1. Looking only at residues in region 86-118 that are of a type in the set (Gly, Ala, Ser) and surrounded by fewer than 19 Cβ atoms within 10 Å (Cβ to Cβ), which one is farthest from ASP196 (Cα to Cα)?
2. Could you check how many residues of region 268-308 are open to solvent by 60 Å² or more (accessible area, probe 1.4 Å) and among the polar types (S, T, N, Q)?
3. Within 19 Å of HIS359 (Cβ to Cβ), at pLDDT 95 or above and out of contact with any Lys or Arg (no Cβ under 7 Å at 6 or more places or on another chain): which single residue out of ALA331, ALA299 fits that description?
4. In region 422-441, what residues are under 21 Å from GLY61 (Cα atoms) and among the hydroxyl-bearing types (Ser, Thr, Tyr)?
5. If I filter region 236-259 down to residues being hydrophobic (A, V, I, L, M, F, W, C), surrounded by fewer than 23 Cβ atoms within 10 Å (Cβ to Cβ) and farther than 30 Å from GLU136 by Cβ, which single residue comes out as nearest to the chain's Cα centre (by Cα)?
6. For region 205-235, which positions are open to solvent by 40 Å² or more (accessible area, probe 1.4 Å) and assigned to a loop (DSSP other than H, G, I, E, B)?
7. Since LEU445 meets every condition but one in (1) in a helix (DSSP H, G or I); (2) without any contact (Cβ under 8 Å) to a residue 24 or more places away in the chain; (3) surrounded by fewer than 16 Cβ atoms within 10 Å (Cβ to Cβ), which condition does it not meet?
8. Based on this model, can you work out whether ALA262 counts as modelled with pLDDT under 95, buried (at least 21 other Cβ atoms within 10 Å of the Cβ) and within 18 Å of GLY318 (Cα to Cα)?
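The values are calculated or read from the model by the stated rules, or taken from the named source; none is laboratory data. This is a predicted model, so every value here is computed, not measured. With ideal geometry, Cβ positions are generated from the backbone for all residues, glycine too; neighbour counts draw on all protein chains shown. Just the protein is used for accessible areas: all its heavy atoms, side chains included, with ligands, DNA and RNA removed. Shrake-Rupley method; radii C 1.70, N 1.55, O 1.52, S 1.80 Å.
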Amino acid sequence: MTLRKFAGLGALLSIVMPSLAMAADEVAAPVLNSGDTAWMLTSTALVLFMTIPGLALFYGGMVRSKNILSVLMQCFAITGLISILWVIYGYSIAFDTTGMEQGVVNFNSFFGGMGKAFLAGVTPSSITGPAALFPEAVFITFQMTFAIITPALIVGAFAERMKFSAMLIFMGIWFTLVYAPIAHMVWSGNGGLMWDWGVLDFAGGTVVHINAGVAGLIACLVLGKRKGFPTTPMAPHNLGYTLMGAAMLWVGWFGFNAGSAAAANGTAGMAMLVTQIATAAAALGWMFAEWVTHGKPSALGIASGVVAGLVAITPAAGTVGPMGALVIGLAAGVVCFFCATTLKRKLGYDDSLDAFGVHGIGGILGAILTGVFAAPALGGFGTVTDIGAQVWIQCKGVGFTVIYTAIVTYVILKVLDAIMGLRVTEEEESVGLDLAQHNERGYNL
């Protein structure tokens, strides 16, 4: 009787165990989370909305009426160009981890492999994310929108004087040699140069804003000043457009920062809150600084303050608390105001729409202050226990990005200038780029 019981138990186990093993395999397999997927789809649309129409209108309103279409056209053309380059090789350069090893510095610490070129292996069932919870196709598109807006930001530095053909070629090369490698070094994971250093950049303070701001400064220096600058009045032709663009950037930035949590979770919620706080503080900081300095607050000033706050909180959005965000925002508003006005006048460079003064300076300030306010001792939610050490790491990341971006951008521009010329003729500049480059007018009266 006992033997028959054991025999029956053995038979039962032989039936049940394979089923349990199959069930375990099913549990272990990554499962798509519809909530995370929905949030990432929404965030992706919000970030694209930042470039077209947000940035296009923000910049478009600040140029003279004869150049508005040229700025809008550049933003749209960059969106198309970078989208295609991203799927051909950009995503692979930025996020392919082949050959990478934590603590080992090699070629792949700077430049990703080509294993994902032409999006090889990406299917509707490909899943990615911190916990493999949403489609890889969504992650690819989300990161594509970051790659789009970064070169588009540079447009503000050389607005009203660069040839459209030269701009397109420059942006394609710059994206390949500067944006994608910096994104790889910061965000690709173990083995990435700045990732291994421990640089904190939650949503792109280094990758996007310092990168674009420094490139913009180099571009405006290489191209030279606009005809008549600084003696000829070059007032914005439609500040209504600029304010609408700034509003779109403010709303879209929640996708930029909160979306970088890559999940619909508490980190995303806190990133949204600190983004709002820092932006509001920066808008007020710039407004009051201008009010005290110039006697009146301006619409252009408060719009610029909004963007300065958005820029500065970007690297910190996933690790700082509300009071840290308040300090970062106020500092960004005041510091960027003086850099975009007093400093620019003293140094005499023609950064047309203050790409460096807002994005470069705001990005540097935000990156460094992230090392301070990410510490739990100061209300942050990061793992920073030694503020001094983290600030040094942040400074190393800032310094490397500034030097790398400046050198490579300069070389690209000088080579292109020698081959095809960068700048429109004086006559074309006087007529305006809308007619000279596109044979159209923004306004037909």
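1. Result: ALA117.
2. 2
3. Exactly one residue qualifies, and that residue is ALA331.
4. Selection gives SER430 alone.
5. Result: ALA247.
6. Of everything in region 205-235, those that are open to solvent by 40 Å² or more (accessible area, probe 1.4 Å) and assigned to a loop (DSSP other than H, G, I, E, B) turn out to be LYS225, LYS227, PHE229, PRO230, THR231, THR232, PRO233, ALA235.
7. With respect to (1) in a helix (DSSP H, G or I); (2) without any contact (Cβ under 8 Å) to a residue 24 or more places away in the chain; (3) surrounded by fewer than 16 Cβ atoms within 10 Å (Cβ to Cβ), LEU445 is out only on (1).
8. Here the answer is yes, as ALA262 does meet what is asked.
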